[in-house]
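First comes the structure, then the notes that go with it.
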Amino acid sequence: MALADLIHADDDFLPSKTLLIVAHPDDIDFGAAGTVAPVTDNGVEVVYGLVTSGQAGEPAHLSPDELREVRQKEQTDAAAIVGVSELHWLDFPDGHLVADLELRKAISRLIRIVKPDLVITQTPVRNLDRIYAAHLATGEAAVSAVYPDARNGHSFPELLYEGHEPHAVPRIWLMAGTEHNLHVDITGAIDRKIEALLAHHSQNDDRAEGLPTMIREWAQVNATSAGHDGRAIESFRVVHTE
């Protein structure tokens, strides 16, 4: 199905190149893999930016270096399921993220390299109803990198010396927040979203039996809230940065 028929929003913007920026492997697959699949199906280039490699995750018996290797492979496999082959690992320490200038600079550099017209990232606003979905440092740093850092030649002038010219991103879509004003119909892609999540064996094997039902229920709740009963929906908050 054409992308324009799947996106329900007041804004008629459609991306031509999309960069997703998240804190951990599997964050994209929980929040947006159902959207990524039809976006790539429609010929839009999608790139992933992972701030950490999930080195502070499970299983606990693995060392941080072992976890890095396992989780990077899992995310690479999951990305391929929804049509993504370009992944960038920023290699910040998991469990110690703060929205400081170093993180903003790293994300700004990635934006200038990829040159997307859409950034999808995590909300910088804490939702107390879904506290487990909060990755506030990444969301805050990514929003700040989009506006003003990546587009401003005076922000991090060392990036210019590296050859990275300023780049303006006109839209941000925020995952896992509130006040959603964009809804993507993922009914035809929800099986691939679930398959991508199940590729994260280290995180999801112990709940693999119930995970598909949970994901379908979440998507149905989103659909009901968006006025699209009977469908499966991923919802976002659109931020205009023009």
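Putting +1 on Lys and Arg Cβ atoms and -1 on Asp and Glu Cβ atoms, find which of Leu20, Gly31, His240 reaches farthest to the positive end of the dipole of region 3-240. Final value for the positive-end residue is His240.
When each of the peptides 203-216, 136-149 is scored by how many other beta carbons lie within 10 Å of its residues on average, the order from highest to lowest is 136-149, 203-216.
Of (1) 43, 17, 15; (2) 26, 23, 16; (3) 33, 23, 15, which one was derived for semi-axes √(5λ) of the Cα gyration tensor in Å from the structure shown? Given (1) 43, 17, 15; (2) 26, 23, 16; (3) 33, 23, 15, the structure-derived one carries the label (2). Under 5 Å between amide hydrogens, built in the peptide plane, is the criterion, and for Val46 it picks out Thr18 among residues at least 5 positions away or on other chains.
For region 227-240, the Karplus equation 6.51 cos²θ - 1.76 cosθ + 1.60, evaluated at θ = phi - 60°, returns couplings of x, 10, 3, x, 10, 10, 10, 10, 10, 9, 9, 7, 10, 8 Hz by residue, with Gly and Pro reported as x. Considering only alpha-carbon pairs that sit under 8 angstrom and 6 or more positions apart, the relative contact order computed for the chain is 25 percent.
Ranking Val146, Gly210, Ala168 by how far each Cα lies toward the positive end of the dipole of region 122-242 (charges on Cβ) leaves Gly210 at the top. Of all aspartates and glutamates in the structure, those lying under 16 Å Cα to Cα from Lys193, and not within fewer than 8 positions of it along the same chain, are Asp26, Asp27, Asp29, Asp41, Glu74, Asp77, Asp185, Asp205, Glu209, Glu217, Glu234. Placing +1 on the Cβ of every Lys and Arg and -1 on the Cβ of every Asp and Glu, with nothing else charged, gives the chain a dipole about its Cα centre of roughly 400 debye. Across region 2-13, rounded Karplus estimates of 3J(HN,Hα) from the backbone phi angles (6.51 cos²θ - 1.76 cosθ + 1.60, θ = phi - 60°) give 4, 4, 4, 7, 9, 9, 10, 7, 5, 8, 8, 5 Hz, Gly and Pro being marked x. The stretch between Thr241 and His154, if pulled fully straight at 0.36 nm per residue, gains 29.5 nm over its current Cα-Cα span.
Taking the centroid of alpha carbons for each part, region 115-132 and region 208-228 are 19 Å apart. Close amide-amide hydrogen proximity is noted between Leu182 and Phe236, Val238, each under 5 Å apart and 5 or more residues distant or on a separate chain (H modeled in the peptide plane; Pro and chain starts excluded). Spin-label model, Asp77 to Thr224: label points 7 Å out along the Cα-to-beta-carbon direction sit 3.4 nm apart.
A short reminder: the numbers here are calculations on the coordinates, not readings from a lab. Note that the coordinates shown come from a computational prediction; the quantities given were computed from them, not determined experimentally. So basically every Cβ, Gly included, is an ideal-geometry build from the backbone, and we count neighbours across all protein chains shown.
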